[in-house]
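Presented below is the structure to which this report refers.
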Amino acid sequence: MKTKRVFCVCLFMCVLFITVSGNAGEQENTADRKELLAGVPDPAAAYAAKLEYKYEIREGEDGVVIFHDGAECKGWDFFRGKAGQKWSHCEQRGGKIENRIEDMGTWTAEYAVCVFSNGSECNEADYIDGKSGPGVYKKWSLNAKKCIKFDDPSPICK
């Protein structure tokens, strides 16, 4: 069980690192980014696909999510809870999606958190994957040591 939890944390941190590094500082040329990330699934595209929304990469742009009513927004903004909130997994199930930004010292973490009516919360990516849900954590965030901390004084660290 502990091995599975450590694996999930490692996987989440890898996705988070790719998310943050893809948007930090100067943008790499799109062709270079595609070559660098070949074979690594785009978390924003995967999130949109799980919700059965169309995801397009247009010439000279990053991915765009197209919702069932034709509205659209940037894929990474949707994945991070900054746009298209009413179409998120969280809000479709009665929660409130929030975008969180945390200073990690040498980098900035930005991610979506689902806040439930009972005040508990979890990472949106974990919620859609069935790894978390209402009542699991009182508070969910990352800390400056790149550790996931829940409402427990000893966060999961490497």
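Every read-out reported here was derived from the displayed coordinates using simple, explicitly stated rules and does not represent laboratory data. Keep in mind that this is a model prediction, so the values were computed, not measured. In this analysis, Cβ positions are derived from the backbone assuming ideal geometry, glycine residues included, and neighbour counts consider all displayed protein chains.
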- Query: Among the residues of region 94-122 satisfying the criterion of being of a type in the set (F, W, Y) and buried (at least 18 other Cβ atoms within 10 Å of the Cβ), which is nearest to the chain's Cα centre (by Cα)?
  - Reply: Y111
- Among the residues of region 82-93, is there at least one that is touching a helix residue (DSSP H, G or I) at 6+ places or on another chain (Cβ under 6 Å), touching a residue at least 60 places away in the same chain (Cβ under 8 Å) and surrounded by 19 or more Cβ atoms within 10 Å (Cβ to Cβ)? no
